[in-house]
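Peer 1: One structure, as structure tokens, below. Some questions next.
The values are calculated or read from the model by the stated rules, or taken from the named source; none is laboratory data. Remember, predicted model here, so these are calculated numbers, not experimental data. Neighbour counts are summed over all protein chains in view; Cβ atoms, including those assigned to glycine, are modelled from backbone coordinates with ideal geometry.
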Amino acid sequence: MAGSKKKVIIFAAVFLVLLLIIAPVAAYFIANSQAKSNVAQFTKDFKEICDIKYGSVSYNILNRHLIVEDISLSCSSEKIADIKKAEFNHIVRSNPLPSNVQADITGGVLYNNASFFNEYGKAVYDMGFEKIYFQGRLTYTLGKVSKEFNLVTLNILAKDFGLIQGEAKVLNAYDKDIKNIITNIKNNPASFYITFNDKGLKTKVFEKFAAVSGLNLDEVKTKTTNAIYKRSLNTDNLTKANYTQLEKFLLNGQGISLKQNIEDNISLSNTLNKLDFSGYRKLLSSFNGLQVEIIAK
């Protein structure tokens with residue numbers, strides 16, 4: 001009888017050990033299967049807007065991180081970006097988009113000459129940035145009840161270009177359709193605070209203007225001062241202050257911040273469309289009447 005009890009105890013112990021080994025392994029494969037299914041469904045839902053292709057998908061059940069590698073994003077049959085790896089965490093599932101996500105991106109490449117970026121991409125391309133290599137972190141929340149879209153964290157480092165950091169909020173953004181959500185984010189009233197720290201863009205701007213105008217760097221800076229002064233004449237106090245800050249950034253600043261308040265009832269697309277990136281003089285002129293607060297540092 002004692003031997004029988006011993007066998008039962010040994011069997012129970014072995015079974016427990018096997019369970020401890022098998023359960024995490026089974027959970028891993030189930031999680032990976034669900035992760036792959038979820039990513040596949042998202043890319044299918046997103047296809048009306050842009051086409052997303054990707055390589056491997058894995059899910060770490062210990063830290064609940066979803067990793068997608070070798071991502072390629074194309075819009076209108078034109079490649080606009082590649083990402084080596086995107087690691088997603090703090091995911092709160094919802095439809096049609098997660099209500100909370102943090103994404104860490106490495107090995108990113110933007111192809112600026114793609115028509116998707118319109119004149120913004122072309123202007124950057126013409127300054128010598130055929131591609132922009134980037135990495136960083138994005139965190140957002142999207143409320144079904146509040147309907148607000150909140151860009152909680154924006155932290156993108158673009159090689160030889162600059163460091164972009166900030167946050168944003170858009171009202172009434174939520175919808176049951178992904179395409180409508182993106183449209184709402186672009187067109188509904190928004191607030192934002194964005195900071196750009198120069199890592200090479202400003203030098204490219206001055207070099208491009210010098211090459212086109214045949215002026216040296218000192219002459220370009222003098223021209224810039226005169227151009228800003230003329231454009232600030234007969235403007236409101238906010239515009240005058242903004243031109244002063246813009247001049248400070250262009251001549252000797254390392255960074256510039258733009259702030260827009262939700263109370264101003266202005267969308268992100270209205271603000272971006274106001275800025276004209278198609279030329280140096282046009283860019284300076286487009287700051288006239290821009291309803292944002294500019295601070296140089």
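Peer 1: What is the residue count in segment 183-209 for residues that are over 20 Å from GLN254 (Cα atoms), crowded, with 17+ Cβ neighbours inside 10 Å and not polar (S, T, N, Q)? Reasoning before the result, please.
Peer 2: Taking segment 183-209 and keeping what is over 20 Å from GLN254 (Cα atoms), we get 183-192.
This time we only want the ones that are crowded, with 17+ Cβ neighbours inside 10 Å, so: 184-185, 188-192.
The next check asks that each one be not polar (S, T, N, Q); those that pass are 185, 189-190, 192.
Residues in segment 183-209 being over 20 Å from GLN254 (Cα atoms), crowded, with 17+ Cβ neighbours inside 10 Å and not polar (S, T, N, Q): 4 in total.
Peer 1: Return the only residue of ASN261, ASN234, ASN265, ASN242 being modelled with pLDDT of 90 or more, under 27 Å from the mean Cα position of the chain (by Cα) and at positive phi.
Peer 2: Working: ASN261 fails: at positive phi; ASN234 fails: under 27 Å from the mean Cα position of the chain (by Cα); ASN242 fails: at positive phi.
Going through ASN261, ASN234, ASN265, ASN242 in turn, just one is modelled with pLDDT of 90 or more, under 27 Å from the mean Cα position of the chain (by Cα) and at positive phi: ASN265.
Peer 1: Go through segment 245-267 and count every residue that is surrounded by fewer than 15 Cβ atoms within 10 Å (Cβ to Cβ), touching a residue at least 60 places away in the same chain (Cβ under 8 Å) and part of a loop (DSSP other than H, G, I, E, B).
Peer 2: 1
Peer 1: Another question, then. For segment 162-177, what are the residues that are farther than 10 Å from PHE196 by Cα and touching a helix residue (DSSP H, G or I) at 6+ places or on another chain (Cβ under 8 Å)?
Peer 2: Of segment 162-177, the ones farther than 10 Å from PHE196 by Cα are 167-177.
Listed by number, the residues that qualify are ALA168, LYS169, VAL170, LEU171, ASN172, ALA173, TYR174, ASP175.
Peer 1: So how many residues does segment 38-91 have that are in contact (Cβ under 8 Å) with a residue 24 or more places away in the chain, on the phi < 0 side of the Ramachandran plot and in a loop (DSSP other than H, G, I, E, B)?
Peer 2: Counting residues in segment 38-91 that are in contact (Cβ under 8 Å) with a residue 24 or more places away in the chain, on the phi < 0 side of the Ramachandran plot and in a loop (DSSP other than H, G, I, E, B) gives 5.
Peer 1: Also, quick follow-up: What number of residues within segment 268-297 are more than 16 Å from GLY166 (Cβ to Cβ) and either part of a helix (DSSP H, G or I) or over 20 Å from the mean Cα position of the chain (by Cα) (or both)? Quick ask: steps written out before the conclusion?
Peer 2: Filtering segment 268-297 down to residues more than 16 Å from GLY166 (Cβ to Cβ) leaves 269-270, 273-274, 276-291.
Going one step further and asking which of them are either part of a helix (DSSP H, G or I) or over 20 Å from the mean Cα position of the chain (by Cα) (or both), we end up with 269-270, 273-274, 276, 278-291.
Residues meeting the conditions: 19.
Peer 1: Which pairs have Cβ atoms under 7 Å, sit 6 or more apart or on different chains, and link a residue in segment 122-146 that is within 22 Å of PRO98 (Cβ to Cβ) to one that is at pLDDT below 95 and surrounded by fewer than 15 Cβ atoms within 10 Å (Cβ to Cβ)?
Peer 2: Once the first residue is within 22 Å of PRO98 (Cβ to Cβ) and sits in segment 122-146, its partners that are at pLDDT below 95 and surrounded by fewer than 15 Cβ atoms within 10 Å (Cβ to Cβ) give LYS144/SER94.
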